[in-house]
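Quick notes on the structure that follows.
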Amino acid sequence: MDRLVIPFTTRAEFQQHLASCLSRAEQTLQMFDPDYAIWELGSTTTDAQLRRFLQGGGRLQLAAHDGRHVERAAPRFLRLLKDYGHLIEVRRTNPQLRQLTDSFCIADQRDIVRRFHADHFRGEAVFNGPADLQTSLERFLTIWIESGPGLYANSTGL
């Protein structure tokens, strides 16, 4: 597959490209969003995609400012965390990072779906474009290092 860049502007397009990104992931998923409110982490489709990924030995890293939405609206994700806690790590950003408003999912350091601002759906999906991901990978690493422990299978607090 050649490098593919697809701009999007709607929730449906975001969900479609996110599903494609999740389905292509084999080894790593690195995600950042202020609260994951529109990610549908609790849907049966997302649950099935993440279970397939984790059953294959993939590792999932999520960082967020606030986890209340996931705690309230994504019981399937909480079960996933309980079942695969050894392959999932969730972190909560420190206060100095709360001004970050972008949102992205990186799969295998090859694919990305990103919204330029979490309050809007405008963004782009890049598939098979590892060179396009360098800035986002560095951004995720910085967010990850500057964040603390978050949601656990037996407690809340993302």
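The values are calculated or read from the model by the stated rules, or taken from the named source; none is laboratory data. Predicted model only: the values in this text are computed from it and were never measured. Note that each Cβ is placed from the backbone with ideal geometry, even for glycine, and that neighbours are counted across all protein chains shown.
Suppose we keep only residues that are touching a residue at least 60 places away in the same chain (Cβ under 8 Å) and in contact with a helix residue (DSSP H, G or I) (Cβ under 6 Å, 6 or more places away or on another chain) within region 71-105. Which one would you say is farthest from residue 22 (Cα to Cα)?
Ranking the qualifying residues of region 71-105, first place goes to 104.
Taking region 39-59 on its own, how many of its residues are β-branched (Val, Ile, Thr) and out of contact with any Phe, Trp or Tyr (no Cβ under 8 Å at 6 or more places or on another chain)?
Of the residues in that region, 2 qualify.
Each row is one residue, and each column tells you yes or no for (1) outside any loop (DSSP other than H, G, I, E, B); (2) among the charged types (D, E, K, R); (3) closer than 22 Å to residue 12 by Cα.
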{"site": "99", "(1), (2), (3)": "no, no, no"}
{"site": "104", "(1), (2), (3)": "yes, no, yes"}
{"site": "114", "(1), (2), (3)": "yes, yes, yes"}
{"site": "134", "(1), (2), (3)": "yes, no, no"}
{"site": "137", "(1), (2), (3)": "yes, no, no"}
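Among the listed residues 76, 51, 91, identify the single one that is of a type in the set (D, E, K, R), closer than 29 Å to residue 132 by Cα and in a helix (DSSP H, G or I).
51
What about residue 18, is it under 22 Å from residue 116 (Cα atoms), buried (at least 18 other Cβ atoms within 10 Å of the Cβ) and touching a helix residue (DSSP H, G or I) at 6+ places or on another chain (Cβ under 6 Å)?
Taking the combined requirement at face value, the residue does not satisfy it.
Name the pairs: first residue in region 125-147 and over 13 Å from residue 32 (Cβ atoms), second residue assigned to a helix (DSSP H, G or I) and of a type outside the set (A, V, I, L, M, F, W, C), Cβ to Cβ under 8 Å, at least 6 apart or on different chains?
125/17; 125/20; 126/132; 127/20; 127/24
For region 101-120, which residues satisfy the criterion of being among the hydrophobic types (A, V, I, L, M, F, W, C) and either at pLDDT 95 or above or surrounded by fewer than 17 Cβ atoms within 10 Å (Cβ to Cβ) (or both)?
104, 105, 106, 107, 112, 113, 116
For region 58-65, indicate whether the set of residues that are part of a helix (DSSP H, G or I), out of contact with any strand residue (DSSP E or B) (no Cβ under 6 Å at 6 or more places or on another chain) and small (Gly, Ala, Ser) is non-empty.
No, there is no match, as no residue in region 58-65 is part of a helix (DSSP H, G or I), out of contact with any strand residue (DSSP E or B) (no Cβ under 6 Å at 6 or more places or on another chain) and small (Gly, Ala, Ser).
Can you go through 85, 42 and tell me which one is over 20 Å from residue 147 (Cα atoms) and either out of contact with any strand residue (DSSP E or B) (no Cβ under 6 Å at 6 or more places or on another chain) or surrounded by fewer than 18 Cβ atoms within 10 Å (Cβ to Cβ) (or both)?
That would be 42, the only listed residue that is over 20 Å from residue 147 (Cα atoms) and either out of contact with any strand residue (DSSP E or B) (no Cβ under 6 Å at 6 or more places or on another chain) or surrounded by fewer than 18 Cβ atoms within 10 Å (Cβ to Cβ) (or both).
Looking at region 108-119, I want the residues that are over 18 Å from residue 54 (Cα atoms) and have a partner that is of a type in the set (S, T, N, Q) and part of a strand (DSSP E or B) with Cβ atoms under 6 Å, at least 6 apart or on another chain. Which pairs are those?
115/103; 118/103
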